[in-house]
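What follows is calculated from the coordinates using simple rules that are stated; it is not laboratory data. Just so we're clear, the structure is a prediction, and the values are computed from it rather than from any experiment. A quick note on method: Cβ atoms are made from the backbone with ideal geometry, for glycine too, and the neighbour counts reach across all protein chains shown.
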Amino acid sequence: MVLEKNTILVIHDARHLAPVVEKALNDGPWRVRVMPSRRREWQDMVAGVAGVVVVLDGEESGSGRKLLERIRAVDDNIGVIVLSRSKALEDAVAAMKAGAHDYLSLPVDAEKLRHAVAKAVQLYSLTKRVYLLESQVGWQGSFDDMIGASPAMREIFTMVAMVAKSNATVLITGESGTGKELVAKAIHRHSPRSRKTFLDINCGAIPRELLENELFGHERGAYTGADRRYQGSCERADGGSLFLDEISEMDPLLQVKLLRFLQERSFVRIGGNEPISVDVRIITATNRTLQEEIESGRFREDLFYRLNVVPIHIPPLRERREDIPLLAKHFLDQYNAKNEKIFIDFAPQALEALMTYAWPGNVRELENIIERVVVLGNDSRVKLSHLPPQIQQSREEGARVFTEPSMAPLDGQKIVPLELMEKYAIEAALKRCLGNVGEAARKLGIGQATLYRKIKQFGLR
């Protein structure tokens, strides 16, 4: 049986709680269907729901999480909300780790449940629009202020277009210089909040005491020198978006206050008593691996799951070399205009050097180098001699697109496994094509999507 698409499917282990949830959800714009978890039909019905399955945790500890895992196995995009009698933080974290969209303790407020369901439905709808949006954005090599034509960047363009329409919290990850702030600004500019304020704070550049003040503000007389009330960023960005860059650098004590703000959407100014409620979207970014920060005790696990509602990862430039010519030309045109220069394009040797360089500083490093070339040069074409020595050397050493490949010569007297032959062929094609996946796919006679899958399979990136 397939349900209507606006149906919420409630799969339960505790029969006496099901009517409570059904009553709460029937007040929303959905049809509600209740089914015990012991009935196997729910697996065939999941694909037709509006995107949310509500799991009622049974008497047996952990049964809700087991059911959650079974649901996610049917459709990984489904938004699952776990209801449980347990109020223990570790149970909530475990459920979120297992893939729950939200975790609510019983007895649950009906309005809070409807709000959680509405958010999950919205995110599910956005996810399902990805293929439609891919036909509308990313194909011209740019989206907003972001440049790129690689599949990775086109996927990011689509994600930005999708999540911008929601109020979901976004966590942007990637190495320094990849353009995380550009993604955050694009999300704001394409959102219903675009006419409101966008504020950005670098958490690593402000001491803890000052950062708390910057976020939440203070009342007059809160401390020596506080001669007037100060509105923090959370208050000034009301109705708009607040971008917290390098969130991993935030002091653990302040992380607790940020977590409380995310849960309640209200705060108290330093030296104040009255809670202040605001409507602000939080976007965060980091160049660190937060899982490692959590394991080391430097970052709160519960805060991570609050921030990581919609993750967007920006790959380093060395993993999307197809974007280098586009980015280089974009920066060339940009700094030509600023400096009244006449560089038109790149000599083949110069472009080859740019394509083979490792770019440890990512897009920011590429921009800085192109600016230097334009400022110091007077020519119509960027030549190899215009580029810094380390980039010239990268061309001389060959196209080291990946870490040293195991291109051992094949012994004609020895039978080599077909899979190994395939890996060697792909490595050779990528090296010959300077990392251009599209060109390598054409030379290999396979589809680009197939080649990307093979690259991932063989661990070539």
Stretch Ser277-Glu235 to full length: gain in nm at 0.36 nm per residue minus the Cα-Cα span? 14.3 nm
Highest mean first, how do 161-172, 366-377, 105-116 rank when packing is the count of other Cβ atoms within 10 Å averaged over residues? 161-172, 366-377, 105-116
Taking amide H positions as placed in the peptide plane 1.01 Å from N, state which residues far from Asp345 in sequence (5 or more) or on other chains have amide H under 5 Å from it. Val382
Under the Karplus relation 6.51 cos²θ - 1.76 cosθ + 1.60, θ = phi - 60°, what is the ordered set of whole-Hz ³J(HN,Hα) values for segment 324-331, x standing for Gly and Pro? 4, x, 5, 5, 4, 5, 4, 5
From the backbone phi of segment 219-227, what are the Karplus-calculated ³J(HN,Hα) couplings (6.51 cos²θ - 1.76 cosθ + 1.60, θ = phi - 60°) in whole Hz, Gly and Pro given as x? 8, 4, x, 4, 7, 4, x, 7, 8
Charge tally for neighbours of Leu254 with beta carbon under 12 Å away, counting Lys, Arg as +1 and Asp, Glu as -1, is -1
Only four residue types carry charge here, +1 at the Cβ of Lys and Arg and -1 at the Cβ of Asp and Glu. Report the dipole size of segment 137-230 about the Cα centre in Debye, rounded to the nearest 20. 420 debye
Long pairs among Lys185/Lys423; Lys66/Lys119; Lys185/Lys338, criterion Cα-Cα beyond 28 Å: Lys185/Lys423
What's the local net charge at Asp323, with K and R +1, D and E -1, over the other residues with C-beta under 13 Å away? +1
Separation in nanometres of the label points that stand 7 Å from Cα toward Cβ, at Lys196 and Ile294: 2.9 nm
Mind listing which chymotrypsin sites (Phe, Trp or Tyr not before Pro) in segment 167-225 are in a DSSP loop and have 13 or fewer other Cβ atoms within 10 Å? Tyr223
Would you grab the residues whose amide H sits under 5 Å from the one on Val80? Only those 5+ places off in sequence or on another chain, please, with H modelled 1.01 Å from N. Val53, His101, Asp102
